[in-house]
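Asks: Here's a structure for you.
The values are calculated or read from the model by the stated rules, or taken from the named source; none is laboratory data. Here the structure is a predicted model, which is why all the values come from computation and not from measurement. With ideal geometry, Cβ positions are generated from the backbone for all residues, glycine too; neighbour counts draw on all protein chains shown.
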Amino acid sequence: MSALAPLLHAPLLWIAVTLLVFEGADIVSRRSNRHPLAHPVLISVPVLAAILHATGTPYATYARGTASITFLLGPATVALAVPLWRNWPLVRRSGKAVLAALVAGSVTAILSAVAIGWAFGASPQVLATLAPHSATTPVAMAVAHGIGGIASLAAVAVLVTGILGAIVATPLLDRLRITDQRARGFAVGVTAHGLGTARAFQVSETAGTFAGMAMALNAAMTALLLSLVALV
């Protein structure tokens with residue numbers, strides 16, 4: 001293994017490994033007809049973790065090697081404005097419903113996480129960490145740190161929330177007989193942020209558009225609400 005040490009620290013290696021693992025996971029997802037339990041992220045994370053463990057590679061080394069992929073999350077998020085612009089007339093007509101759903105979704109996400117954590121005896125620090133779990137990772141980490149939580153644990157909570165949301169959303173909304181793609185997309189975006197938005201785009205552009213909008217608005221709403229609570 002010592003002979004492979006220089007290779008294991010090469011950034012291009014971990015970029016290639018990440019892309020290959022995700023592509024393999026996406027193939028499995030496509031062949032399962034996008035079954036919720038075959039979500040590419042749900043498959044990729046444990047596979048990559050196993051590879052890091054088997055090679056004795058610290059996560060810090062992997063993070064440095066894949067920093068360029070992490071950087072691309074920014075442009076990818078900004079690119080969500082393209083379908084939003086294409087569907088702007090539809091979004092504008094749904095303004096009142098969007099505002100009501102945003103407030104209800106943000107408040108429910110925060111209160112439900114805090115209530116569940118409190119019921120299990122979580123400390124105030126952990127409760128502060130869980131509160132922004134439905135915001136995107138950078139926002140959740142910053143907000144959690146600002147209100148006395150643990151930023152790194154908040155990132156884990158966001159990841160778990162996104163995966164569970166992407167898995168549960170479609171069958172749950174089907175069971176509830178909600179067919180409006182605007183409502184479906186917005187619900188997924190508010191609760192499951194980026195992973196939910198990616199799943200929504202697999203269903204339809206309308207659902208993806210409203211999910212992307214919900215993700216952005218909920219990040220701002222979560223930061224605002226929790227900042228106000230912290231000031232009280």
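Asks: If the requirement is being touching an Asp or Glu at 6+ places or on another chain (Cβ under 9 Å), modelled with pLDDT of 80 or more and either among the charged types (D, E, K, R) or in the same structural domain as ARG199 (by TED's automatic domain parsing) (or both), which of these qualifies: ARG31, ARG86, ARG92? Full working, then the answer.
Replies: Numbers: ARG31 fails: touching an Asp or Glu at 6+ places or on another chain (Cβ under 9 Å); ARG92 fails: touching an Asp or Glu at 6+ places or on another chain (Cβ under 9 Å).
From the options ARG31, ARG86, ARG92, the qualifying one is ARG86.
Asks: Enumerate the helices (runs of 4 or more DSSP H) found wholly within segment 117-232, keeping only those where 2 or more residues are out of contact with any Cys (no Cβ under 7 Å at 6 or more places or on another chain) and at pLDDT below 90. Walk me through it before giving the result.
Replies: On the way: elements: 124-130, 137-146, 151-175, 181-203, 205-231.
Those helices (runs of 4 or more DSSP H) span 137-146, 151-175, 181-203, 205-231.
Conditions tested, residue by residue: (1) surrounded by fewer than 14 Cβ atoms within 10 Å (Cβ to Cβ); (2) over 30 Å from LEU228 (Cβ atoms).
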| residue | (1), (2) |
| --- | --- |
| ILE51 | no, yes |
| GLY74 | yes, no |
| LEU84 | no, no |
| VAL91 | no, no |
| LYS96 | yes, no |
| ALA113 | no, no |
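Asks: Right, another one. List every residue pair whose Cβ atoms lie under 9 Å apart, where the two residues are 6 or more positions apart in sequence or sit on different chains, the first residue falls within segment 11-30 and is without any contact (Cβ under 8 Å) to a residue 60 or more places away in the chain, and the second residue, located anywhere, is loosely packed, with under 14 Cβ neighbours inside 10 Å and hydroxyl-bearing (Ser, Thr, Tyr).
Replies: These pairs meet every condition: PRO11/SER68; ILE15/SER68.
Asks: So, one more: Looking at (1) surrounded by 13 or more Cβ atoms within 10 Å (Cβ to Cβ); (2) over 15 Å from THR18 (Cβ atoms); (3) at pLDDT below 85, can you tell me which one ILE69 breaks?
Replies: (2)
Asks: Moving on. Looking for something at pLDDT below 85 and within 26 Å of THR206 (Cβ to Cβ) - is there at least one such residue anywhere in segment 95-110? Lay out the reasoning, then the answer.
Replies: Residues of segment 95-110 at pLDDT below 85: 95.
Filter once more, keeping what is within 26 Å of THR206 (Cβ to Cβ): 95.
So far as segment 95-110 goes, yes, one or more of its residues are at pLDDT below 85 and within 26 Å of THR206 (Cβ to Cβ).
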